[in-house]
Amino acid sequence: MRKTVNQKAWFFILPVLVLVAFNAILPLMTVVNYSVQETFGNNEFFWAGLIWFEQVISSPRFHDSLIRQLIFTFSILAIEIPLGVIIALAMPRKGMWVSVCLVLMALPLLIPWNVVGAMWNIFALPDIGLMGYTLNAIGFDFNFTRQIEDAWFTLLLMDVWHWTSLVVLLAYAGLVSIPDAYYQAARIDGASSWAIFRYIQLPKMKRVLTIAVLLRFMDSFNIYTEPFVLTGGGPGNSTTLLSIDLVKIALGQFDLGPAAAMSLIYFLIILLLSWVFYTLMMRNEE
Amino acid sequence: MGLSWMAWTWPTAAFFIFVAVAISSMGVWEYFVPGGAPRRGIFRIDTTRGDRLFISLLGTAFVLIAWMALFGTPLWGGVGVAVVWALFVFWKV
């Protein structure tokens, strides 16, 4: 059978191409241009070569932010992905509770990021916050504004609270798409709950979990608003993640050249890790 | 308004022209030899020509960053390694 070739379809993606060009490609090109120049404002630029890249690559400040960022991202992935799958498995598949659960799960996702940061900031305050006050009342010496471990604990908890729902909803979508015939066959074979999960549910959720991991990875690696509002990068620099550091350099110090070089290295790391995740998770996929 | 706000330089323009030419060449290659030449190479991952170009470019960026971190500038040695990497990717990956 001959395949129909319809080149007119290309015209339908032109608006998207134009949009992407204006909001992604042109800014990216500008960042590349800034990364090899120095400016003192007034739209005047001077060639600096690769000096900003050398500066960023050898900067202990960048290394520290990158390590903190990697710890944060891999911690929340290690918590949110399994937790999201467990919650999705526990959710009902039929009946009126399905809607209730779905709405409850969607609620954290509807809250603006800066509001989430402000909410958790107040919630965790040791003197008036419900969580902070309760933890101190039961004997913990909790103060996220002064103690590094407490700041990290609050930061991770806030992200888990905000974003596990996304993993739950994606995993749940994967679960409900599995036909009943698979479960019937498993029951006939006398499969255990673990075997059903390992050999039916998990393989069937592979694609949605790949999307969940990629979304959470990229999002958490870019995270800015929530930790900025919650801790402002402190105490000290203990929760200064890459994006917070980048904004400090670009807007606080107005060092556009180093900030552009850092942005590009940051972008390349996200691109590489996303590709590695995607390739590993889709390996052996038919 | 012009494009002065983008702060163009000749080296960065040359870089983007190179990327645009590389992507366009892949389009021309695909037109004459359709199908993307999929295969499973030395890393046991399925790749098409486009994937191999992407891996080459991404690898090149990290080769240059690593070269800069280890030996500083100039980057000619790193460029040499990157070319070898790209040839390896199109040959074996």
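The values are calculated or read from the model by the stated rules, or taken from the named source; none is laboratory data. A quick note: this is a predicted structure, and the numbers were derived from the prediction, not measured. Glycine also receives a Cβ, built like all others from the backbone with ideal geometry; neighbour counts cover every protein chain displayed. To get the accessible areas, we keep the full protein, side chains included, count just its heavy atoms, and leave off ligands, DNA and RNA. Shrake-Rupley method; radii C 1.70, N 1.55, O 1.52, S 1.80 Å.
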| What trypsin sites (Lys or Arg not before Pro) in the range B:1-91 are in a loop by DSSP, with at most 14 other Cβ atoms within 10 Å of the Cβ? | B:44
| query | Which ³J(HN,Hα) values in Hz, rounded to whole numbers, follow from the phi angles of the range A:239-244 under the Karplus curve 6.51 cos²θ - 1.76 cosθ + 1.60, where θ = phi - 60° and Gly and Pro get x? | reply | 10, 7, 7, 4, 5, 5
| note | For A:44, B:30, the accessible-area ranking with a 1.4 Å probe, largest leading, is A:44, B:30
| field | Kirkwood hydrodynamic radius of the range A:1-59, from inverse mean 1/r over distinct Cα pairs, in Å | value | 15.0
| task | Give me the compactness ratio for chain A, meaning the Cα radius of gyration over 2.2 N^0.38 Å. | result | 1.23
| query | Which trypsin sites (Lys or Arg not before Pro) does the range A:94-203 hold that lie in a coil by DSSP with at most 11 other beta carbons within 10 Å? | reply | A:94
| query | From the square roots a ≥ b ≥ c of the eigenvalues of the alpha-carbon gyration tensor of the range B:1-46, which class results: rounded (a/c under 1.5), prolate (a/b over b/c), or oblate? | reply | prolate
| task | Using the Kyte-Doolittle scale, find the helices of chain A whose mean hydropathy is at least -0.5 and whose Cα atoms extend 15 Å or more along the helix's long axis, counting only whole DSSP H runs. | result | A:60-90, A:97-110, A:113-124, A:148-176, A:202-221, A:256-282
| task | Using amide H atoms built 1.01 Å from N in the peptide plane, name the residues 5+ places from residue B:93, or on other chains, whose amide H lies under 5 Å from its own. | result | B:42
| Which order do A:61, A:68 take by accessible area at a 1.4 Å probe, largest first? | A:61, A:68
| field | Residue range of chain A that is longest and free of chymotrypsin sites (Phe, Trp or Tyr not before Pro) which are both DSSP loop and sparsely packed (at most 16 other C-beta within 10 Å) | value | A:41-139
| request: Quick one: accessible surface of residue A:128, probe radius 1.4 Å, all protein chains present, in square angstrom to the nearest 10. | output: 130
| On average, how many beta carbons from a partner chain sit within 10 Å of the beta carbon of a residue in B:3-14? | 5
| task | With an 8 Å cut-off on Cα pairs and a minimum separation of 6 or more residues, tell me the relative contact order of chain A in percent. | result | 27
| field | Cα gyration tensor category, rounded, prolate or oblate, for the range B:4-92 with a/c compared to 1.5 | value | oblate
